[in-house]
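Below you'll find the structure, written out as C-alpha cells, and then a few comments.
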Amino acid sequence: MGVGLRVEGALWGFLAARHRCDEVWVRHDGTSSLGHVVESLGVPLPEVGRLVVGGREVTPSYRPEAGEVVRVLAVRRPQVVPSQRFLLDVHLGTLARRLRLVGVDTAYENDLDDDALIVRANAERRVLLTQDRGLLRRRSLWLGAYVRGARPEEQFTDVLERFAPSLAPWTRCPACNGPVAPVEKDEVEGRLRPGTRRSYDTFARCLVCDHVYWRGAHGAHLEAIVEEAERIVAAAALPQAK
C-alpha cells in the first residue's frame with residue numbers, strides 16, 4: 001500500500017492530467033521523505049504552504065507510513081516573505097521591467113545560469129522568481145516562487161497577487177533597477193532630441209545608469225499599468241487587514 005495525497009486544486013497545474021483528482025495514491029518505499037513524494041508528482045516544495053497528516057501539520061522531512069493520507073495545501077496569498085526583494089531568471093525580462101516601473105526592487109540579468117542565480121539570490125536575500133520547476137527544487141536555494149502565466153500581463157498579476165509588495169511607482173529605473181530622481185531640464189537638455197526639448201519640461205534620471213526619463217507618448221500606457229498594479233495589490237492585501 002502506498003501513500004495518498006490530496007493535492008489542493010491551486011496546485012493541480014503542476015500535476016500530470018491523470019493525477020488531477022481528489023486523491024492520488026503513490027508508491028512509497030518507506031524511507032523517502034514526504035517532500036520527496038510530493039515533488040515526485042511535479043509540485044515544487046516552495047509552492048506548498050502546509051502538509052497535513054491526520055489533522056496535524058508535518059514538515060517535508062516527515063516520513064509517511066503506508067496507508068496514510070496527506071493533504072497538500074498551496075501557499076496562502078498574499079505570502080509574507082522575509083524580504084520583498086526579487087531576482088528574476090533570464091526568461092522574465094519584461095516582468096522585471098514592469099515590477100521596476102511600480103517601484104519593486106527587482107534584480108535581473110539575461111546571462112546568469114542556474115548556479116549564479118542561486119548564489120545571488122542567497123547572497124542578497126532575494127526571492128527567486130522563475131518558471132523552472134527544477135530550479136525551485138534545488139535545496140541550496142533559500143527561497144523561490146513559481147511564476148504563473150504565459151504572458152507578461154499574467155505574470156505581473158500573479159506576482160502582485162502572491163506577494164502584495166509595497167509599491168513606489170516611478171522611483172526605479174526599468175533598465176537597471178537603480179533609483180530615479182527628478183532632474184532639471186537644463187541638466188539633460190543637450191541629450192534630448194529637438195522634438196522632446198520642445199514638448200516636455202519634466203524629467204527624471206537614473207542615479208546609476210544615467211538614463212533620462214520623461215512622460216512621452218507611451219506615458220498613458222505606463223500610467224495604466226501603474227494604476228492596475230495599485231488596484232491588484234490593494235485587493236490582494238485585504239486578507240491581511242482582517
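The values are calculated or read from the model by the stated rules, or taken from the named source; none is laboratory data. Model, not experiment: these values are computed from the prediction. Here Cβ is always computed from backbone atoms with ideal geometry, including for glycine, and neighbour counts include all displayed protein chains.
Quick look at the numbers
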| quantity | calculated |
| --- | --- |
| Index of the failed condition, Ser199 passing every other in (1) surrounded by 11 or more Cβ atoms within 10 Å (Cβ to Cβ); (2) touching a Lys or Arg at 6+ places or on another chain (Cβ under 7 Å); (3) over 17 Å from Leu101 (Cβ atoms) | (2) |
| Residues located in the stretch 113-170, provided they are under 15 Å from Leu45 (Cα atoms) and in contact with a Ser or Thr (Cβ under 9 Å, 6 or more places away or on another chain) | Val127, Leu129, Leu136, Leu143, Gly144, Ala145, Tyr146, Val147 |
| Residue within the stretch 199-220 that is part of a helix (DSSP H, G or I), outside the structural domain of Leu88 (by TED's automatic domain parsing) and over 23 Å from Glu153 (Cα atoms) present | yes |
| Matching option when the condition is loosely packed, with under 15 Cβ neighbours inside 10 Å, farther than 12 Å from Pro165 by Cβ and not assigned by TED's automatic domain parsing to the domain that holds Val48, among Val119, Val69, Val90 | Val119 |
| In the stretch 148-169, the residues that are surrounded by fewer than 17 Cβ atoms within 10 Å (Cβ to Cβ) and on the phi > 0 side of the Ramachandran plot | Gly149 |
| Residue check for Arg63: more than 20 Å from Val233 (Cβ to Cβ) and either charged (D, E, K, R) or not assigned by TED's automatic domain parsing to the domain that holds His28 (or both) | yes |
| Strands (runs of 3 or more DSSP E) wholly inside the stretch 57-117 that include at least 2 residues being within 12 Å of the chain's Cα centre (by Cα) | 86-88, 106-108 |
| Looking only at the stretch 118-140, and only at residues there that are more than 26 Å from Ala181 (Cα to Cα) and among the charged types (D, E, K, R), the one that is farthest from the chain's Cα centre (by Cα) | Arg139 |
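This table checks each residue for (1) small (Gly, Ala, Ser); (2) in contact with a helix residue (DSSP H, G or I) (Cβ under 9 Å, 6 or more places away or on another chain); (3) surrounded by fewer than 17 Cβ atoms within 10 Å (Cβ to Cβ).
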site: Ala10; (1), (2), (3): yes, yes, yes
site: Leu34; (1), (2), (3): no, no, no
site: Val52; (1), (2), (3): no, no, yes
site: Arg56; (1), (2), (3): no, no, yes
site: Ala74; (1), (2), (3): yes, yes, no
site: Ser83; (1), (2), (3): yes, yes, yes
